Amino acid sequence: MKQNFNKGTCTVMQNASIYLRSCIGRTIEELKKAYLSGKHICFLVGADSYVTKEIVSSAAILPNSLGDNSSNNDTPPTPTVKFVDNDTFVKSTVGEQTEFCKPRLFVYMGKPQYRTTDNTVDEQFKLPLMSLTNYVDVCSGLADVNMRLTKGNERTLCCMRNSLILIPAKSKPQIPSYIEPYTATVVVPYMDEQECCQWISLYLNKTEDVSLKKNSDGYLMAGNNDFLRQLYHCMRGMTHLQIYSVLKDCSMQLGKIYFETSACNGSERMAALKKCIRKNADRIIEDSRALIIENPSVNEPAGLGCLTKWLNDHCDQVANPYLYVKYRQEAPKGLLVSGLPGSGKSMMAKYVAGRFGLSLVRLDFGNLGGTYVGQSEKNMDSALAKIEALSPCVLWVDEMEKAFSGSSGVNGSEVTKRLFGKFLTWMQEKGNRDVSCFVFATANDISKMPPEMFRNGRFDEKFFTFMPTSLECGKIFESIVRKQTKEADRGENLQALPLFNVSKVNAALFEKMLNDTSLCLKGWLTEELCDKSVNRLNKFFTGADIEQVIKNAKNLFLNGYASDVSPVGDAVFDTPQFCECLREAIRETKTYGETNLVDIARCYGQLSVNNFKNASNSLVLPFDGYDELLYMSAENNGKALLYDLNRTGNKEDVHYQHLSCKYDKCMYVIVRNTINSISKEIVKQRWQ
């Protein structure tokens, strides 16, 4: 094994076994197969300059030797590798060819062409179509079908047919149909763990003089296997040059980066190194319109205890999947979270990435579309490839139903169907391809999603978020108040006072207001439980509603009491005055429960029949009372109820009395009655 460092990169002379397992070796073998099978136009997808150079200089069977001067020792050798960047290196007839005195390897290094479409900048790879067309026409005999070839022309034609045109490209290009039979597309695979660790070790040997030893498979490795394994899972999917660039930046930021992970400060140093690596890795997707880096959050959303428990149970398995390989246990694939708008799904996506300590990448399907035929699919392939390169990470697919709503049925868009198929296949196969990407998908209306998305194996678990109970509303309120107070304390507070007095402005205060029949429950039902009336006089809050109420209360306070604010109070927002503003803000705010009762009822029906688990620790309306099949069978007698807890053998008032506060009781009765009032619509929509 011989090491060689050249022009800022690390290379290693490999034995045959390692060569055949390396990404460059596998790529060369695929190129050889294509060349021997007559595919002499090869697109090399995903190759950086280092890989291209290694392929050009190492593939002995290809026409890429240094030159041939056997005919005349005094004549400089004719190089058989030629780098071209124009579209005229192949002429239209045999007689015009000047480059084919012997078989050659042409490496096309044309630049991308940028075109403005809908006020966006899109990258279009400019293919050398003129030369490719001429090559196909001449080699197939079409260009000179009526021409009698001389011996010189016959030799030129023979050299052309034994030449190879290699075209490096970032992603799979759209190849014209008349050229495609003569082409092959070879995708450069990612480095496996041992090759990647060897590449990292060679860098450490060069920059920090870390000693290397051969392991049992013949790879040169630094001594700390745990260090290399953790770096591999942070850098998996990067190219050779990307790894070298990221490590070099880490060295500049942190100094020496190699250390023993078992040392007393090993975990802190590793956390700092991973953070630096991920900061650099995020730049990989900066040129993608469909992928957006979001900021993770360490603030746990209130009221979603069951979902938080699932994350805690699977955190180590997602963040460190290599530790579970010996158990033949795959890392969790992801979660699908559905529910009402404003119920905390987006906040949970940011918390998931923060909890796992991974980058958060949002996939915007709206930006995958392209003007040209096949461009949308190409953009999807490119986005998924970049996501794999950034793994391990959390992929956030927000409002998934809007992206794939046209993927089923005869009226569905063909492009949407193809994008949906690509995404489903990728989700199913990414575990087999050793891609550690945790998918966090959210949806507001799962009725618009294709049923294939709910099949077992797509997601590890499906959770739903619904209207929070009174207790959960109080927790959400207090978490927002505490977060704002904490953030304000870090800044400059003119009065040197906390933003809120959390001992008084807290969950208990907000719960008391929620259960006030003169404030939030003006339509409080005192009738018998069999009453089927529905009214919109009650304020039922989502998390987004609560956040808006706090914002409105602060505005009322600042507009009405700003001149009176003084350091005499116990907080910037003086407690008694702010409480009055809070009550006024509640009166003025139109909550989701007032304006969207029918949407709440529809959402409940969708969630109850799709085997979703509750994301919170409590649910005002248990699923036991909802049965569409039983409703349809009893519909003819005129007394059928879509939601009826009496069917389970329990008395309905038992559950009603079990609810601890007026707010929950009122919400239970109102939402239940709303479900029953639109039962025909709900059932017809699902069973028509």
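What is the distance, in nm, between label points placed 7 Å from the Cα along the Cα-to-Cβ direction at Cys264 and at Lys680?
Placing both labels 7 Å along Cα→Cβ, they lie 7.8 nm apart.
Charges at C-beta only: +1 for Lys and Arg, -1 for Asp and Glu. How large is the resulting dipole of segment 291-465 about its Cα centre, in Debye rounded to 20?
Charge dipole of segment 291-465: 160 debye, to the nearest 20.
HN-Hα J couplings of segment 242-255 from phi, Karplus 6.51/-1.76/1.60, θ = phi - 60°, integer Hz, Gly and Pro as x?
So the J values, rounded to whole Hz, are 5, 4, 4, 5, 5, 5, 5, 5, 4, 5, 5, 7, 10, x.
Using modelled amide H (1.01 Å from N, peptide plane; none on Pro or chain starts), what sits under 5 Å from the amide H of Val81, excluding residues fewer than 5 places away?
The list, which skips near neighbours in sequence, is Leu105.
Modelled label-to-label distance, Cys661 and Asn162, 7 Å Cα→beta-carbon offset: nm?
Distance between label points: 8.6 nm.
By the scheme Lys and Arg +1, Asp and Glu -1, what is the net charge of all other residues having a beta-carbon under 10 Å from that of Tyr232?
Numbers: positive: Arg229, Arg236; negative: Asp192, Glu193, Glu195.
With Lys, Arg at +1 and Asp, Glu at -1, the neighbours total -1.
Whole-Hz Karplus ³J(HN,Hα) for segment 500-517, in order, using 6.51 cos²θ - 1.76 cosθ + 1.60 and θ = phi - 60°, x for Gly and Pro?
Result, ordered by residue: 10, 8, 5, 5, 10, 8, 8, 4, 4, 4, 5, 4, 4, 5, 4, 8, 7, 5 Hz.
Please give the Cα centre distance for segment 314-348 versus segment 80-108, rounded to the nearest Å.
Measuring centre to centre over Cα atoms gives 52 Å.
List, in order, the whole-Hz ³J(HN,Hα) value for each residue of segment 261-271 obtained from phi through the Karplus relation with A = 6.51, B = -1.76, C = 1.60 and θ = phi - 60°; use x for Gly and Pro.
The phi angles translate into 5, 7, 5, 4, 9, x, 5, 5, 5, 5, 4 Hz.
Please give the peptides 466-474, 168-176, 534-542 ranked by average Cβ packing (other Cβ atoms within 10 Å per residue), highest first, as a rough proxy for protection.
Listed from highest to lowest mean packing, they are 466-474, 534-542, 168-176.
Pull out a ≥ b ≥ c, the square roots of the eigenvalues of the alpha-carbon gyration tensor of segment 314-373, then state rounded if a/c is under 1.5, prolate if not and a/b is larger than b/c, and oblate in the remaining case.
Taking the square roots of the gyration eigenvalues as a ≥ b ≥ c, segment 314-373 is oblate.
Indicate, rounded to the nearest 5 percent, the antiparallel portion of the DSSP beta bridges found entirely in segment 291-465.
15 percent
Compute log10 of I(q)/I(0) for segment 193-284 with the Debye formula, placing one identical point scatterer on every Cα and leaving out solvent, at q = 0.13 Å⁻¹, to two decimals.
-0.38
To the nearest 20 debye, what charge dipole does segment 136-210 have about its Cα centre, counting +1 at the Cβ of each Lys and Arg and -1 at the Cβ of each Asp and Glu?
Roughly 560 debye for segment 136-210.
Just need the relative contact order of segment 193-284 here, percent rounded to a whole number, with Cα pairs under 8 Å and 6+ apart.
About 26 percent, as a whole number.
State, as an integer percentage, the relative contact order of segment 291-465 based on alpha-carbon contacts under 8 Å between residues 6 or more apart.
33 percent
Every number in this text was worked out from the coordinates using simple rules, so none of it is lab data. Being a predicted model, the structure only gives us computed values, none of them experimental. Cβ: placed from backbone, ideal geometry, glycine included. Neighbour counts: every protein chain shown.
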